[in-house]
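Trainee: Quick one: structure below, then a few questions.
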Amino acid sequence: MVDEPILSVRGLTKIWGRGCDACLDQTGPAHNRNTCPACGAIVACADVALDLYPGEVLGIVGESGSGKSSVLQCLYMDLAPNSGEAFLSTFHSGRKSIWEATMRERRELRAILMGMVYQNPRDGLNLMVTAGGNIGERLLAADWRHVGQIRARAADYLHRTEVPIERMDHLPAYFSGGMQQRVQIAKALANSPSLVLLDELTTGLDISVQAGVLDLVRDIQHREGLSVIVVSHDLSVIRLLADRTMVMKMGRVVESGLTDQVLEDPQHAYTQLLVSSAA
Amino acid sequence: MVSVATLSATHGEAISGYSYGFLDAISRREIRRALLKAVAIPGYQVPFGSRELPIARGWGTGGLQITLSLIGPGDILKVIDQGDDASVNAQNLRRLAEKTSGIETTTETARATIIQTRHRVPEERLRSDQVLVLQCPIPEPLRRVEPSTSVARRMHAEGDYSRMWLAIYEDIVRRGELGGAAGYPVLVNGRYIMAPTPIPRWDIPRLDMAECLFLIGAGREKRVYAVPPYTSVVPLEFEDYRFEVESFPGQRCARCGSGDSFLDEVNLADGSRLFTCSDTAFCDAMQQNEEVVRW
């Protein structure tokens, strides 16, 4: 691809605890631990670098505790990283790291420039606000001040995510899990964010609903050319959605490349294990 | 405005045992300082140390502390309660100010230099030499969307108002129109969302680009805020759902016959109802055929 990356991350490190000089040397896949033996701090992720190009889907795969969700939570600023820089091309033309954003800029980043779909719809939705209102919240944050237009956009995205339009003015608290997840997807995508983050979006849904949600995300992504980072421990999700894939273990990136390449011809021992256990 | 030091020197104690205007000099000074800050940052809620007064909190102590900290020789005070000069509460507040400072009081809007009011803006247009002091029960307009005061203050600081807009959107979805009768939220000077106190919608347009100074006091909640003269005050509205003031189609005041003032509905013993002006001073003036400058 000849384009400039839409997102460029360098040196992302998140450590829980005070940390010491030995933390980074004494943890990682080589030591098979992410707890620093010297100080007891937990290295959630260390020195993660990635580039995401416009219209591309990047998968991050790994087992629980591999640090993949920490990467995503840092990007969406739910967590503050200890060090690192992340440049989003639509934020200050990619010249200011999103982790140096002011509180006001952070809100703009979260509400307008990025869209996040959490594993649990409760984290991404206000269940006591109507489905249309949930979608409208992001549009209102982007200074939409026309109820008719807000409702038209909400209806459009609820339609695309296959939520019946007549449920638009109902509270998601009374929706099924799968439908809540579809509303959350509609909410994250409705204002066409520059970067979409999907965190284990099908975990917790039953198999038939999972397939529907994945089809839906793939369809919208293709049609709108969204730039997406999808985190999952489920290789089939990654295989279906991701153009490129990063494999993480103990807070480090151990392998990355085209998804087919990584999954068909894994080089790192851990990836081989992951692929063979999934088969 | 006369300084506190001059007041104490020239007037001493109006009645034995009490400071001029009931509040002690240091309290007056602190409240005035808070008011200066409030005027400097239109719509911003300034915390202040609300004093104990001989009336209960929730009965106008915020407005009363502003009034008592402002009054000085030469001021003429008017106090109204829902537009009415004669209500028990208005009378009590007026008498307290009168007794402890000896200043003149009036019911005529045009004569007053300071008007303390509960939930109304007078029908007569206020001038640049007049101050309207509004009593306020809940100064925080974000309370309905955010119960925590500290979070609400951070939302104000960052101009984070999307949840407030969301609440208005949800009202429209539920009711088909903008919600809220009294105290409709407004954006002041393009910056802070402000609770205009429970004045009817009728009075909201009067806050915008007015010649007079509006000072708002919440004694129980320990906040003062202000709308300085010539400041924009815009009700929160959508492009396709506009803010509208109350209307009284076909109704006129039963006393003065006015058809363009805010009317109170009165239910009579025989089950019928009639309407009268909520602003009694305006109603009196209309009955006397006096000239009244309108907003």
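Just so it is clear, none of the values below were taken in a lab; they were calculated from the coordinates. Given the structure is predicted, the values throughout are model-derived calculations rather than measurements. Note that each Cβ is placed from the backbone with ideal geometry, even for glycine, and that neighbours are counted across all protein chains shown.
Trainee: Could you identify which residue out of A:Y174, A:Y53, A:Y157 has the top mean-square fluctuation in a GNM of chain A using Cα springs shorter than 10 Å?
Mentor: A:Y174
Trainee: Give the relative contact order (percent, whole number) for chain B; include only Cα pairs under 8 Å separated by 6+ residues.
Mentor: Computed over chain B, the figure is 21 percent.
Trainee: Please compare each pair in A:K96/B:K37; A:K187/B:K222; A:K14/A:K187; B:K78/B:K222 to a cut-off of 31 Å on the Cα-Cα distance and tell me which ones are over it.
Mentor: A:K96/B:K37; A:K187/B:K222
Trainee: Right, another one. Rounded, prolate or oblate: which fits segment A:86-190 when a ≥ b ≥ c are the square roots of the eigenvalues of the alpha-carbon gyration tensor, with rounded for a/c under 1.5 and prolate only if a/b beats b/c?
Mentor: prolate
Trainee: Taking the Cα atoms only, what angle lies between the long axis of helix A:207-224 and the longest principal axis of chain A, rounded to 10 degrees?
Mentor: Here the helix axis deviates by roughly 80 degrees.
Trainee: For segment A:7-278, with only Lys/Arg (+1) and Asp/Glu (-1) charged at the beta-carbon, what is the dipole magnitude about the Cα centre, in debye rounded to 20?
Mentor: Approximately 720 debye in magnitude.
Trainee: Any idea what diffusion coefficient segment A:226-279 gets from Stokes-Einstein, in µm²/s, Kirkwood Rh on alpha carbon pairs, 37 °C, 0.692 mPa s? Please list the in-between numbers first.
Mentor: Working: Rh = 11.2 Å.
Taking Rh from Cα pairs, D becomes 292 µm²/s.
Trainee: Please compute the alpha carbon radius of gyration of segment B:174-295, then divide it by the globular-protein estimate 2.2 N^0.38 Å. Two decimals is fine.
Mentor: Cα Rg divided by the expected 2.2 N^0.38 Å: 1.23.
Trainee: Between B:L215, A:H233, A:Q73, whose Cα lies farthest towards the positive end of the dipole of the protein assembly as shown when Lys and Arg beta carbons carry +1 and Asp and Glu beta carbons carry -1, centred on the Cα centre?
Mentor: B:L215
Trainee: Right, something else. Putting +1 on Lys and Arg Cβ atoms and -1 on Asp and Glu Cβ atoms, find which of B:G83, B:G60, B:T107 reaches farthest to the positive end of the dipole of chain B.
Mentor: B:G60
Trainee: Apply the Karplus parameterisation 6.51 cos²θ - 1.76 cosθ + 1.60, with θ equal to phi minus 60°, to every residue of segment B:275-282 and state each ³J(HN,Hα) to the nearest whole Hz, in sequence, with x for glycine and proline.
Mentor: Taking θ as phi minus 60°, the curve returns 10, 10, 4, 6, 8, 5, 5, 5 Hz for segment B:275-282.
Trainee: Next up: In nm, to one decimal, how far is the modelled label at A:D169 from the one at A:A38, with both set 7 Å along Cα→Cβ?
Mentor: Each label point is offset 7 Å from its Cα along the Cβ direction, giving 6.3 nm.
Trainee: Still on this structure: Counting alpha carbon pairs within less than 8 Å and at least 6 residues apart, what relative contact order, in whole percent, applies to chain A?
Mentor: Across chain A, relative contact order equals 25 percent.
Trainee: Return an integer: the convex hull volume of the alpha-carbon atoms of the protein assembly as shown, in Å³ per residue.
Mentor: 198 Å³
Trainee: Moving on to the next point. State to the nearest 20 debye the size of the charge dipole of segment B:248-295 about its Cα centre, where the only charges are +1 on K and R beta carbons and -1 on D and E beta carbons.
Mentor: Magnitude of the dipole: close to 140 debye.
Trainee: Let me ask something additional. What number results when the radius of gyration of segment B:1-151, computed over Cα atoms, is divided by 2.2 N^0.38 Å?
Mentor: Ratio of Rg to 2.2 N^0.38 Å for segment B:1-151: 1.05.
Trainee: State the antiparallel share, in %, of DSSP beta bridges confined to segment A:7-278, rounding to the nearest 5.
Mentor: Looking only at bridges with both residues in segment A:7-278, the antiparallel portion is about 55 percent.
Trainee: Let me ask something else. Can you list the HN-Hα couplings for segment A:183-193, worked out from phi with the Karplus curve (6.51, -1.76, 1.60; θ = phi - 60°), rounded to whole Hz and with x for Gly and Pro?
Mentor: Coupling constants for segment A:183-193: 5, 5, 5, 4, 4, 5, 9, 4, 9, 6, x Hz.
Trainee: Right, something else. Calculate the all-directions average of the projected area of chain B's alpha-carbon convex hull, and give it in nm².
Mentor: One quarter of the hull surface, i.e. the mean projection, equals 16.8 nm².
Trainee: Where does the Debye-calculated log10 I(q)/I(0) of segment A:7-278 sit at q = 0.12, 0.14, 0.16, 0.17 Å⁻¹, using only Cα point scatterers of equal weight, no solvent?
Mentor: These q points yield log10 I(q)/I(0) values of -0.74, -0.99, -1.24, -1.35.
Trainee: How far is the Cα center of segment B:155-219 from the Cα center of segment B:66-121, in Å?
Mentor: Using only Cα atoms, the two centres lie 26 Å from each other.
Trainee: A further question on this structure: Determine by what factor the alpha-carbon radius of gyration of segment B:93-218 differs from 2.2 N^0.38 Å, reporting the quotient.
Mentor: Details: Rg = 16.9 Å, N = 126, 2.2 N^0.38 = 13.8 Å.
Compactness ratio reported: 1.22.
Trainee: While we're here: Classify segment A:29-142 from the C-alpha gyration tensor, please: rounded if a/c falls under 1.5, else prolate or oblate depending on whether a/b exceeds b/c.
Mentor: Verdict is prolate for segment A:29-142.
Trainee: Using amide H atoms built 1.01 Å from N in the peptide plane, name the residues 5+ places from A:G115, or on other chains, whose amide H lies under 5 Å from its own.
Mentor: It is A:L195, A:V196, A:L197, by chain and number.
Trainee: Still on this structure, please answer the following. Counting only Cα, what are the radius of gyration and maximum Cα-Cα distance Dmax of segment B:248-295, in Å?
Mentor: For segment B:248-295, the Cα-based Rg and Dmax read 11.2, 37 Å.
Trainee: Right, here's the next one. For labels at A:A269 and A:D234 in the simple 7 Å Cα→Cβ model, what's the distance in nm?
Mentor: Distance between label points: 3.0 nm.
Trainee: Quick check: pseudo-label points 7 Å beyond the Cα along Cα→Cβ at B:A40 and A:D243, how many nm apart are they?
Mentor: Taking the two extended label points, one gets 5.4 nm.
Trainee: Under unit Cβ charges (Lys, Arg +1; Asp, Glu -1), what dipole magnitude, rounded to 20 debye, does the protein assembly as shown have relative to its Cα centre?
Mentor: That gives a dipole near 1320 debye.
Trainee: To check you understand DSSP bridge types, tell me what percent of the beta bridges within chain B (both residues inside) are antiparallel, rounded to 5.
Mentor: 60 percent
Trainee: Output ³J(HN,Hα) for segment B:174-184: one whole-Hz value per residue in order, computed from phi by the Karplus curve 6.51 cos²θ - 1.76 cosθ + 1.60 with θ = phi - 60°, and x for Gly and Pro.
Mentor: 6, 10, x, 7, 4, x, x, 8, 9, x, 5
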